[in-house]
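The values are calculated or read from the model by the stated rules, or taken from the named source; none is laboratory data. For clarity, every value in this text was computed on a predicted model and none was experimentally measured. Cβ sites come from the backbone with ideal geometry, for glycine too, and all protein chains shown count toward neighbours. These area figures cover heavy atoms from the full protein model, side chains too; ligands, DNA and RNA do not enter into them. Shrake-Rupley method; radii C 1.70, N 1.55, O 1.52, S 1.80 Å.
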Amino acid sequence: KAKGKIMREITDLISREIGSGSPVVCAVIVSSTGSTPRRTGSRMVICSDGTCAGSVGGGPAEAMVQKTAPGVFQKGAGRILRLDLTGGQAADAGMICGGRMEILLDYIAPDEKNREFWDRVGRKLVAGKSFRLITVFEQLQDPEDSGLRILARQTDENGLPAEIPAPLRSGAAEITARARKACVLEHKDLRVLIEPLPGLGRVIIAGAGHVGAAVAFLAAQVGFRTLVMDDRGDFLSSDSFPAADQLLHISDFSSCLSGLDPGQDDHVVIVTRGHLHDKTVLVQALQTPAGYIGMMGSRSKRDSIFRDLLENGFSEHDLRRVHSPIGLDIGAQTPEELAVSIIAELIGHRSGRSSR
């Protein structure tokens, strides 16, 4: 699943539990070296009744987290759990990993401050916009328990928490502006975990034919929100698009993106039934900051459309934004195969591994 979707599940569970007066323990990897099953920023939440969501890698990692969590609940304070997957722990679990991890077990009390914070995180995730989660914690000098104290939790809309010391502020500011992966900064006993959380970006699918239906289905399975539009209302049925978040019947494609405001987290997938419709949608998409624009069709069709756009004021820079022919080149033929190639390209784009 996409991290944004997993975080929604985790956040929903945290909010539900602390909203009902029960504390939770949220485990998050704050460092990993070597070959480990999960990286910094991977999370899971453990409820007092043993219910869990998310993952920090399975095997000995999750077993140790679940074994340690009751002590965290009992003390009402977080701690750092250190795991060595280079020796006996990994061998006993049949794992071939060879790394080390530190996992922050964050005790989240059911108080008003925490309820307000996690509700705010949940609202941001539902809105589908990217943001960063910042956790500042201090490791206490307790060799037996590796205790810690949470100093600040914050989303990044208001800058950096005041608790971040001056030596770390410039690095933290750069990470919050640029980083796509979770990162931890350290200063003496203080640590700052910065987690970029990608929005559940929309896949805006122009065209409700066989390819559009297959793309909408697969997109939902990997954590995208989906909107499908077409000027043929009888194509837009819940039977054909059971997993779509929104079906939009338009009068024609001439202003189909009007009011949708595609942004950096959004993906415009152009799979209409004809050359002219594709061009009409592409012209509109290029006038938005959409993070991904893809158009189905042959290279000759693409080149013909591109020549026309260049003659009508668009630049080579504009055209370099377009993924066409859309999808990874895996020899796809059927609508389902084409959808696999398209969704693979969208996943690569979302994770920062563009195929272009």
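Annotations for the structure displayed:
- Student exercise, the chain dipole from Lys, Arg, Asp, Glu Cβ charges, in Debye to nearest 20: 540
- Nearest-0.05 FRET efficiency for ASP111 and ALA177, computed from C-beta distance (R0 35 Å): 0.65
- Full-stretch length increase - ARG120, ARG320 - with 0.36 nm per residue and alpha-carbon distance subtracted: 68.3 nm
- Once the Cα-Cα distance is subtracted from the 0.36 nm per residue extended length, the ASP252 to GLN221 segment shows a gain of 8.3 nm.
- For the pair ARG169 and GLU157, label points projected 7 Å from Cα toward Cβ lie 2.3 nm apart.
- Extension gain (nm, one decimal) between ARG307 and ARG232, 0.36 nm per residue minus Cα-Cα: 24.1 nm
- Projecting the Cα atoms of GLY171, VAL222, LEU247 onto the charge dipole of the chain (Cβ charges, centred on the Cα centre) puts GLY171 farthest toward the positive pole.
- Taking every Cα-Cα distance in the stretch 205-246 and sorting them into 5 Å bins from zero, the calculated P(r) comes out as 5, 29, 41, 19, 5, 1 percent.
- Label-reachable residues, the stretch 101-124, where backbone N falls under 16 Å from a point 7 Å from SER20's Cα toward its Cβ: 110-111
- Using only alpha carbons, the stretch 119-201 has a radius of gyration to Kirkwood radius ratio (Rg to Rh) of 1.01.
- Using the alpha-carbon positions of the stretch 278-356, Rg (one decimal) and Dmax (whole number) come out as 12.7, 36 Å.
- For the stretch 183-265, the alpha carbon convex hull comes to 108 Å³ per residue, rounded to a whole number.
- Size estimate for the stretch 156-198 follows the Kirkwood approach: the inverse of mean 1/r over distinct Cα pairs works out to 10.7 Å.
- Each of ALA344, ILE10, MET101 was placed along the dipole of the chain (beta-carbon charges, centred on the mean Cα), and the one lying farthest toward the positive end is MET101.
- According to the Cα-based calculation, Rg over Rh for the stretch 287-331 is 0.98, with Rh computed by the Kirkwood formula.
- With every protein chain in place, the stretch 182-250: carbon and sulfur % of accessible area (1.4 Å): 50
- For the chain, the mean residue ellipticity at 222 nm estimated from helices alone is -11000 deg cm²/dmol, where every DSSP H run of n ≥ 4 contributes -39500 (n - 2.57) and the total is divided by all residues, rounded to the nearest 500.
- Most tightly packed first, judged by the mean number of other beta-carbon atoms within 10 Å of their residues, the peptides 310-316, 9-15 read 9-15, 310-316.
- Percent of alpha-carbon pairs separated by more than 14 Å within the stretch 252-310: 52
- Positive-end extreme of charge dipole, the chain - chosen from HIS275, MET64, GLY201 (charges on Cβ): MET64
- In whole angstrom, the stretch 175-223 maps to an equivalent ellipsoid with semi-axes of 39, 10, 6, each derived as √(5λ) from the alpha carbon gyration tensor and ordered largest first.
- Spatial extent of the stretch 220-356: Rg and Dmax, with the Cα atoms as the point set, Å: 14.6, 42
- Dividing the radius of gyration of the alpha carbons in the chain by their Kirkwood radius gives 1.04 for Rg/Rh.
- Remark on ILE205: its backbone amide H falls under 5 Å from those of LEU227, VAL228, MET229, VAL269, a criterion applied only to residues 5 or more positions apart or on other chains, H modelled at 1.01 Å from N.
- Note, ³J(HN,Hα) from phi for the stretch 17-30, Karplus 6.51, -1.76, 1.60, rounded to Hz, x at Gly and Pro: 5, 6, x, 9, x, 10, x, 9, 10, 10, 9, 9, 6, 10
- Two-site label geometry, ARG299 and ALA243: point separation in nm, points 7 Å out along Cα→Cβ: 3.2
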